[in-house]
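The values are calculated or read from the model by the stated rules, or taken from the named source; none is laboratory data. Small disclaimer: the values here were computed from a predicted structure and weren't measured. Every residue, glycine as well, gets a Cβ built from its backbone with ideal geometry; the counts of neighbours run over all protein chains shown. To get the accessible areas, we keep the full protein, side chains included, count just its heavy atoms, and leave off ligands, DNA and RNA. Shrake-Rupley method; radii C 1.70, N 1.55, O 1.52, S 1.80 Å.
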Amino acid sequence: MTRHEVLPNPSRGPVAVERPDDFDEFWRDSLTYLDRTPAAATYTRDEILSGDGVDVYDVRYDSAGGVRVAAWLTVPEGAEQVASLPGILLIPGYISDPTVAKSWSLRGYAVMSVAPRGKVRALDHVNPGYPGLLVDGVTDPYSATYRSFYLDVVRGLDLLEQLDVVDAARIGVHGSSQGGGLAVMLGALRPDSVACLSAGAPYLCGIMDSARLTLTYPYQEIREYLSVHPERFAAVDRTYAYLDVLNLADRVVCPAQVYIGMGDDVCPPETAYELVDRIPGDVEFLTYDGCAHGAGLPWVSAEIDAFLDAHLHPSAVAQREHDQIGSNA
């Protein structure tokens with residue numbers, strides 16, 4: 001394990017989550033539930049966004065329960081002439097919408113940037129709002145909206161892996177906050193598909209403890225929900241145990257990068273320490289003193305690029321010098 005700028009774990013109390021006895025069954029059932037719905041994916045080239053060396057596609061696909069969601073796909077111009085490209089799945093933060101990742105594709109990547117249910121381009125059937133998503137349907141793990149949100153992300157990875165221009169052996173996953181937590185989730189639920197993952201300020205780790213350790217959103221949603229429905233505490237606690245990324249972490253076998261700000265008041269740093277301790281494989285753990293939920297930006301950007309490049313080996317088929325300025329985080 002590599003640690004940069006190592007600082008002691010600033011624990012304000014234990015971070016622990018009990019894994020339900022039927023945890024494995026829950027996720028097997030969930031993936032089977034996803035498989036019941038064909039993706040029916042469509043790829044429409046966006047003539048306005050395409051250009052400057054990158055083709056951009058508006059992607060629509062069906063996910064768990066027949067809900068139609070979205071993504072952006074970016075590839076270098078002329079990608080069909082390349083034998084294979086490494087792929088990156090990008091996962092947005094809680095209140096963020098997916099980026100059109102042209103800078104990544106100029107580095108030689110095919111990039112699927114997913115918009116799961118509730119995002120601007122995926123509101124037709126499910127729109128719990130922000131705040132709202134975290135606690136929507138939370139009294140039962142099978143009906144929790146977040147369960148299907150996770151599955152929307154899984155399906156996005158599956159579609160990326162199936163693209164003719166993508167080398168399925170070179171797919172990485174990246175995101176920060178919600179995207180960081182769900183990057184770990186993908187590494188756990190699709191271990192044969194994820195070659196590496198980079199997770200910033202990982203959310204959804206130690207969910208109930210995070211609600212105790214912070215007074216900020218999104219975790220504040222749990223505190224507010226339980227203040228209105230205190231009798232539902234046991235049901236809520238049980239549901240989050242199935243969704244908590246800490247309970248998935250020991251399934252991650254690919255190389256991982258985790259980076260955090262030690263002053264993060266959204267995703268408590270101690271939850272990231274617990275996450276890193278639970279990942280059994282190689283972890284590059286970067287901690288940035290004096291940084292909050294930005295988790296080391298802009299300094300960490302070069303570390304992210306270097307980590308993904310080292311494991312995925314892009315050829316930069318359309319790279320232009322002026323497009324290398326700035327952050328890909």
Exercise for the section: Go through region 127-181 residue by residue and tally those that are more than 21 Å from residue 220 (Cβ to Cβ), of a type in the set (Gly, Ala, Ser) and surrounded by fewer than 19 Cβ atoms within 10 Å (Cβ to Cβ). Expected result: 3
Fill in the blank from the handout: If we keep only residues of region 280-302 that are aliphatic (A, V, I, L, M) and more than 13 Å from residue 252 (Cβ to Cβ), then the residue surrounded by the fewest Cβ atoms within 10 Å (Cβ to Cβ) is 302
Handout entry: region 43-82 - residue that is out of contact with any strand residue (DSSP E or B) (no Cβ under 7 Å at 6 or more places or on another chain) and in contact (Cβ under 8 Å) with a residue 24 or more places away in the chain and, of those, most open to solvent (accessible area, probe 1.4 Å)
Key = 80
Practice task
For residues that are part of a helix (DSSP H, G or I) and not hydrophobic (A, V, I, L, M, F, W, C), tally how many sit in region 162-205.
Solution key: 6
Handout entry: Number of the exception - residue 295 against (1) assigned to a helix (DSSP H, G or I); (2) in contact (Cβ under 8 Å) with a residue 60 or more places away in the chain
Key = (1)
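Taking residue 234, is it at pLDDT 95 or above and open to solvent by 30 Å² or more (accessible area, probe 1.4 Å)?
yes
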Exercise for the section: Determine whether residue 223 is open to solvent by 10 Å² or more (accessible area, probe 1.4 Å) and closer than 23 Å to residue 24 by Cβ. Expected result: no
Completion exercise
Scanning region 237-270 for residues that are touching a Gly at 6+ places or on another chain (Cβ under 7 Å), surrounded by fewer than 18 Cβ atoms within 10 Å (Cβ to Cβ) and within 25 Å of residue 189 (Cβ to Cβ) gives 253
